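Encoded as structure tokens, the structure appears first; notes follow it.
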Amino acid sequence: MNNKAITLRPRLPYSGVRRFFSSWRQDMKLQFRHHFYSAYLLISIAYIILLRMLPDTYQAKLNVLLTFSDPSMLGFFFIGGLILLEKGQHIHDNLFVTPHSPASYIWSKTISLTCLSLISSLFIHISTFGIHQRIGAFIAGVTLTAVFFTLVGLGVAVRCHTINGFFFSSVVYSTILVLPVLEILQVYTSKLFLLFPATGSLLLLTSVFEPISGADSVYAVSSLLIWIGIAFYWAYSSLQSNILGDAKGGRDA
Amino acid sequence: MIEVNQLRFKYPRHKDFTLKGLDFHIPQGEIFGFLGPSGAGKSTTQKILIGMLKRYEGSVRIMGKQLKDHGRDYYNAIGVAFEFPNFYSRFTALENLDLFRSLYDVKTEEPKKLLARVSLEEYGHMKVSDFSKGMKMRLNLCRALMHRPDILFLDEPTSGLDPVNAKTVKDIILQLKSLGNTIIITTHNMNVAEEICDRVAFIVDGEIRLIDAPRALKVREGKKAVRLEYREGTALRQADYQLEGIGDNESFLRLLRNGSIETIHTQEASLDQLFIQVTGRTLT
Ligand SMILES: Nc1ncnc2c1ncn2[C@@H]1O[C@H](COP(=O)(O)OP(=O)(O)OP(=O)(O)O)[C@@H](O)[C@H]1O
Ligand SMILES: [Mg+2]
């Protein structure tokens, strides 16, 4: 019998970082191949036409709602589609018998979709309102919103087995999460809305048109950051128990 | 390389244990086969060894360390080919290998070279959705090999392959063994087991009934006799002779000299028969 000693082979330098960037690149390629980019382009054009058709008085408010819906709802559904697509192709078993870490998996998916959201939102916004001084607040609002909702969508999707199951769950989750929209529509107001992540998002996006106080900005950004922390933790443990077979000793095939 | 003691495992919503206390040791450089009927627990055992099912009972030591203490770096040292070859179907074969390759921390093989080893070099730019089952199986093997793992886990590596490709796969496995790699194969296929495994374990209902080298088993359990088929006029006849003292057996020698012999076979047991004998179950 051959007695090759188990030589610990050298690991390539900066493996974790390199893996993260290459899986980001691969995620973008996958999204491109599955026509996510064309879908975003069509949706953006539809949004722009909608905004053009509306009288000036409504434009600001509608723009806030539309730019809110882009990173939040689209992020949520697109990540769902992406995860279920990988589930349908039974790819996860193979991905996770490599050194690829669950955290790296989550962030590369989240960030790649956030970039897509950001590009499409900026495209819509600039083509309607041009470049202005408060574009920074706009970028912050869109990015934080996209990251949060994409993480939630990921957590929901890894728990679902079918597209229908995902749509059903998403109605429940998204309705709860976007409740503060009622306040913008002046249908209903409540102090409790301050606890919702969407309040922070809407505040930041509104600030593009009517300045908000420093305290409000701090509140909006920190509330979103905290929510992102919670959403990541939840997505991570959902992935661990539903895809990596950790929590309850395995999973149903 | 792999030391498993009293391994028990139960799926979450199951009443009974799927694995009921397995013991086996696999030294480095061995090709070890798990044989058993459907539902015996072969794939479950493999999933535990590759760290996919974590809530097991008992001890699993791999490369000198409890499996539970291995981090994700473990996956740089093992290669896995699952029973069903799944890929990103809208990516080509090379794009898939490129993707999985980028997830490792160690040096990997050139994907084109790997494809050539399993005669897929012309299909590198074809989408995997257009691959046949046999082509996907070979691509699956490439993916498991590309980071030159020390331990290789193969679930039904030759299923869906024609004889030529099955031979290619077997040759690759033997070559890896000659390089000192350890290979664990799960299969229903007795021929694969007989041809390449150093030792096999018969597994039924989550228990190991027997572990030994295929050849030793066949010789020990089989009849020590030889069967001849020959022509007498137009009639086909057969005769059995004990191996012991066969050189002095006049009737046998006369047949050898004068008869028109068509076949000669020693009567060692086939693994199939043995399996039935030991477990009371058929393999399929
Ligand atoms: N994910 C799962 N959840 C619950 N039970 C499972 C799961 N996977 C397998 N089982 C059960 O565990 C038992 C052993 O299954 P396993 O897949 O290990 O068998 P096997 O020996 O690999 O069979 P085959 O030869 O058909 O591949 C079966 O009774 C099966 O129903
Ligand atoms: Mg199996």
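If you check B:Tyr123, B:Tyr74, B:Tyr104, B:Tyr88 for being more than 11 Å from chain A (Cβ to nearest Cβ), within 27 Å of the chain's Cα centre (by Cα) and not hydrophobic (A, V, I, L, M, F, W, C), only one passes: B:Tyr123.
Contact map, the stretch B:52-78: residues that are more than 20 Å from B:Thr108 (Cβ to Cβ) paired with residues that are among the aromatic types (Phe, Trp, Tyr) and surrounded by 17 or more Cβ atoms within 10 Å (Cβ to Cβ), Cβ distance under 8 Å, separation 6+ or inter-chain. Pairs shown: B:Met52/A:Phe96; B:Leu53/B:Phe9; B:Arg55/B:Phe9; B:Tyr56/B:Phe9; B:Glu57/B:Phe9; B:Ile62/B:Tyr74; B:Leu67/B:Tyr74. Answer yes or no: is there a residue in the stretch B:163-178 that is within 16 Å of ligand 1 (Cβ to nearest atom), buried (at least 20 other Cβ atoms within 10 Å of the Cβ), in the same structural domain as B:Cys197 (by TED's automatic domain parsing) and touching a residue at least 12 places away in the same chain (Cβ under 8 Å). Looking through the stretch B:163-178, none of the residues is within 16 Å of ligand 1 (Cβ to nearest atom), buried (at least 20 other Cβ atoms within 10 Å of the Cβ), in the same structural domain as B:Cys197 (by TED's automatic domain parsing) and touching a residue at least 12 places away in the same chain (Cβ under 8 Å).
If a residue must be more than 9 Å from ligand 2 (Cβ to nearest atom) and either under 20 Å from B:Ile78 (Cα atoms) or surrounded by 22 or more Cβ atoms within 10 Å (Cβ to Cβ) (or both), how many such residues does the stretch B:37-46 contain?
Total meeting the criteria: 1.
In the set A:Phe232, A:Phe167, A:Phe209, only one residue is surrounded by 14 or more Cβ atoms within 10 Å (Cβ to Cβ), more than 14 Å from every other protein chain (Cβ to nearest Cβ), within 17 Å of the chain's Cα centre (by Cα) and not charged (D, E, K, R); that residue is A:Phe232. Being part of a strand (DSSP E or B), assigned by TED's automatic domain parsing to the domain that holds B:Ile151 and more than 13 Å from ligand 2 (Cβ to nearest atom) is a condition met by at least one residue of the stretch B:8-17.
Please work out if B:Gln66 is within 12 Å of chain A (Cβ to nearest Cβ), of a type in the set (S, T, N, Q) and away from ligand 1 (no atom under 16 Å from the Cβ). No; evaluated as a whole, the condition is false for this residue.
If I ask for residues that are among the aromatic types (Phe, Trp, Tyr) and either at positive phi or more than 14 Å from chain A (Cβ to nearest Cβ) (or both), which ones from the stretch B:31-63 would you list?
Within the stretch B:31-63, the first condition is being among the aromatic types (Phe, Trp, Tyr), and the residues that meet it are B:32, B:34, B:56.
Residue satisfying the conditions is B:Phe34 alone.
Suppose the filter is in contact with a strand residue (DSSP E or B) (Cβ under 6 Å, 6 or more places away or on another chain), surrounded by fewer than 18 Cβ atoms within 10 Å (Cβ to Cβ) and among the small types (Gly, Ala, Ser); does B:Gly58 pass it? In short, yes.
The values are calculated or read from the model by the stated rules, or taken from the named source; none is laboratory data. Owing to the predicted nature of the structure, the values given are computational and were not obtained by experimental measurement. Here Cβ is always computed from backbone atoms with ideal geometry, including for glycine, and neighbour counts include all displayed protein chains.
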